[in-house]
Amino acid sequence: MASYSSSSLSDIVFMLLFFFMVTTSMRETENKVMIKLPEASEVVKLERKDLASYINIGTPIQTMQAQYGTDARIQLNDSFKTTDDIRDFVAAERDAMSEVDRQFMTVVLRCDENVRMGIVSDVKQELRRCSALKIMYCARKGE
């Protein structure tokens, strides 16, 4: 009966584990608002997604409508917030970045196509107040 050496088996398992840990990207936040993106005529690709901070604006998902209603809400990370909380959100996102990358921080607004422009304008005004001037709008590419 032939015997096989299993001494390198643990090395192979750890290499595979390390490979999948490095190549897998985890979703950072869970969408709590329904977003149907409007169509875009021009699309620009976001170069560094690690420097992007997302603000979602839309109607709460079905399971949360009993608690939060059907009006448009602002989602920052995993919770609903108001425009007053945007300043703290931007400060926390900047603090999480390195000193060199802070100037390249981009705020991405993901807004439902049926959201009233008033709430979007309020968010943009608050972003201006906290000097988050690099803003992108998320949209789906038109056919």
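The values are calculated or read from the model by the stated rules, or taken from the named source; none is laboratory data. All figures in this text were calculated on a predicted structure; none of them were measured in a lab. Neighbour counts are summed over all protein chains in view; Cβ atoms, including those assigned to glycine, are modelled from backbone coordinates with ideal geometry. To get the accessible areas, we keep the full protein, side chains included, count just its heavy atoms, and leave off ligands, DNA and RNA. Shrake-Rupley method; radii C 1.70, N 1.55, O 1.52, S 1.80 Å.
Side notes on the structure shown:
- Scanning the range 41-79 for residues that are free of Cβ contacts under 8 Å to residues at least 60 places away in the same chain and part of a loop (DSSP other than H, G, I, E, B) yields Glu42, Lys45, Glu47, Arg48, Ile61, Gly69, Thr70, Asp71, Ala72, Asn77, Asp78.
- Criterion: modelled with pLDDT under 95 and loosely packed, with under 12 Cβ neighbours inside 10 Å - qualifying residue of Val120, Val100, Val115: Val100
- Pairs with Cβ under 6 Å, 6+ apart, first in the range 80-95 and touching a residue at least 24 places away in the same chain (Cβ under 8 Å), second of a type in the set (D, E, K, R) and open to solvent by less than 50 Å² (accessible area, probe 1.4 Å): Thr83/Glu126; Ile86/Glu126
- Asp84 falls short on exactly one of the conditions (1) within 14 Å of the chain's Cα centre (by Cα); (2) surrounded by fewer than 11 Cβ atoms within 10 Å (Cβ to Cβ); (3) farther than 16 Å from Cys138 by Cα, and that condition is (1).
- Count of residues meeting criterion [within 26 Å of Gln75 (Cα to Cα), open to solvent by 80 Å² or more (accessible area, probe 1.4 Å) and part of a loop (DSSP other than H, G, I, E, B)] in the range 7-40: 6
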